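Step one of this worksheet: look at the structure below.
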Amino acid sequence: MKISDQQEIEEAKKAAIEVLIHNSHGSYHGLPRTAGWGYPEPYTRDLMFSVFGIAVSGNQKLLESIRKVLETLAKNQTEHGHIPSLVHDKEDRGSSDSTPLFLLGAGIFRKVSGEKDFLNTAVKKALNWMEYQSPSDRYMVAQQPTSDWRDEQWVTGYGLFVNTLVYSYLRLLGKNERADKVHSEMSRFTITGGTIHRQVHEGLVVKHKPYYALWSYKIHSSERFDLLGNSLAILSGIACPSRAEDMISWIEEECDSMKKKGDLAVSLPPNFFPYIKPEDPDWHPRYAIYNRPGEYHNGGIWPFVCGLYVAALVAAKKYALASEKLVVLTHIIKTSNTVKVNFGFNEWIKAQDGKPMGQDWQTWSAALYLYAVKCVEVKGTPFFDEMRLYPNL
């Protein structure tokens with residue numbers, strides 16, 4: 001890595017801390033805000049993802065802000081254990097990822113604080129809630145469309161992203177027998193023959209492809225690529241080393257192809273591809289306004305997701321490629337929708353031209369950048385290294 005790149009990364013690290021400190025006290029009960037100006041609300045999923053970077057930052061003020069978030073979520077937990085989508089609003093319910101992200105965040109916070117029984121009652125209730133999220137009363141959990149972080153995109157049934165969270169929090173919390181069973185179910189093939197035979201259960205492995213399906217349910221599935229879910233699959237060890245290596249090669253080859261076609265302007269993978277287009281059967285009319293090809297959840301470049309991709313590269317021991325992508329990510333997070341800041345930490349970038357399209361000073365963009373830098377620096381993935389030591393079933 002060039003000295004100039006190293007210097008820019010150091011500047012970006014300082015800027016990321018500045019963003020997180022700025023956002024750590026907002027207008028809703030003093031809870032952190034989701035973005036510096038655009039999103040004053042404390043969104044659960046964004047703040048739980050921010051735990052990754054805050055936990056490795058060593059910044060006590062930020063750790064205390066996350067403690068407050070977790071404790072407030074516990075107070076606003078429903079009777080049956082569900083965690084709300086907004087930290088301060090117990091009536092804002094319905095997301096499929098807020099509860100598993102709470103469990104993951106609580107597990108990481110226990111590790112970094114040394115408080116092994118932190119929020120024990122709330123964690124037990126949340127674990128119980130998640131056990132009831134399987135329609136087949138087994139181990140993988142299912143969801144409704146637009147209920148995870150992709151609020152403008154349909155993921156239905158057994159989604160990859162949410163189930164990677166389930167596997168990860170089970171490992172972090174020492175629930176290894178159940179984690180093994182989740183892994184076993186995820187490792188089955190998706191059903192493509194049109195018929196479900198007795199005792200045959202759907203999985204997320206796609207035949208003849210190195211990555212996991214976006215979702216599957218009974219005879220239906222999507223084989224479009226989900227960067228966040230697959231990065232977490234590599235990071236957590238759901239994907240064995242050989243699958244991880246094949247997957248990364250496939251991602252980079254596909255991105256090179258998209259660049260040649262003019263579908264991708266920067267050297268970072270979109271969050272989702274191939275893009276859904278109006279002529280495709282999985283296109284919805286609303287996408288024409290909110291989720292166009294190469295934008296938002298339909299192929300936008302999300303810095304927080306790319307931070308986890310960098311971490312996945314480190315997990316796969318692709319250290320040179322991880323450093324290369326970190327440099328590109330550092331250049332991307334400089335772009336902004338304002339002229340007031342040196343580092344924008346924007347929410348998302350349009351794939352075809354690399355222009356920032358979301359809110360600046362996004363909390364999870366700053367936090368996952370810090371996590372990516374830490375992974376590259378130590379050639380390890382804090383909180384996930386131990387998960388990959390479990391045998392791949």
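Read the figures in this text as sums done on the coordinates, not as results from a lab. These figures come from a predicted structure and were not determined experimentally. Here the Cβ is made from the backbone with ideal geometry for all residues, glycine too, and neighbour counts use every protein chain on show.
Under unit Cβ charges (Lys, Arg +1; Asp, Glu -1), what dipole magnitude, rounded to 20 debye, does the stretch 343-393 have relative to its Cα centre?
Here the stretch 343-393 has a charge dipole of around 100 debye.
Let me understand the stretch 3-389 better: what is its radius of gyration from the alpha carbons, and its Dmax, in angstrom?
Answer for the stretch 3-389, Rg first and Dmax second: 19.4, 61 Å.
Note down the relative contact order for the chain as a percent, whole number, built from C-alpha pairs under 8 angstrom at least six residues apart.
Relative contact order for the chain comes out at 17 percent.
Please name whichever of LEU228, PHE189, ALA179 sits farthest to the positive end of the charge dipole of the stretch 3-389, dipole taken about the Cα centre and charges placed at Cβ: Lys and Arg +1, Asp and Glu -1.
Working it through, the farthest residue towards the positive pole turns out to be ALA179.
Roughly how many debye, to the nearest 20, is the charge dipole of the stretch 200-346 about its Cα centre, given +1 on each Lys and Arg Cβ, -1 on each Asp and Glu Cβ, and no other charges?
Here the size comes out at about 300 debye.
Along the charge dipole of the chain, pointing to its positive end and built from +1/-1 on Cβ of Lys, Arg, Asp and Glu, which listed residue (PRO274, LEU104, ILE289) has its Cα farthest out?
With unit charges placed on the Cβ atoms, the residue in question is LEU104.
Normalised by the residues of the stretch 260-334, what does the relative contact order come to in percent, with Cα pairs under 8 Å and at least six apart?
Reported relative contact order: 31 percent.
Just list whichever of LYS68/LYS111; LYS125/LYS218; LYS260/LYS325; LYS124/LYS175 have alpha carbons separated by over 23 Å in the model shown.
LYS125/LYS218
Quick one: putting +1 on the C-beta of Lys and Arg, -1 on the C-beta of Asp and Glu, what dipole do you get for the chain around its Cα centre, in Debye to the nearest 20?
500
Which whole-angstrom value gives the distance between the alpha carbon centres of the stretch 76-122 and the stretch 344-393?
Answer, in whole Å: 21.
Could you work out the helix-only [θ] at 222 nm for the chain, with each DSSP H run of four or more residues adding -39,500 (n - 2.57) and the total divided by the number of residues, to the nearest 500 deg cm²/dmol?
-15000 deg cm²/dmol, from helical runs alone.
Please report the antiparallel percentage of DSSP beta bridges with both residues in the chain, rounded to the nearest 5.
The antiparallel proportion sits near 90 percent.
May I ask which residue of LEU62, SER95, GLN77 lies farthest towards the positive end of the charge dipole of the stretch 1-130, with charges of +1 (Lys, Arg) and -1 (Asp, Glu) on Cβ and the Cα centre as origin?
Going by the Cα projections, it comes out as GLN77.
Output the DSSP H helices from the chain with an along-axis C-alpha extent of no less than 27 Å and a mean Kyte-Doolittle hydropathy no less than -1.0.
Span-like helices, by this rule, are 3-23.
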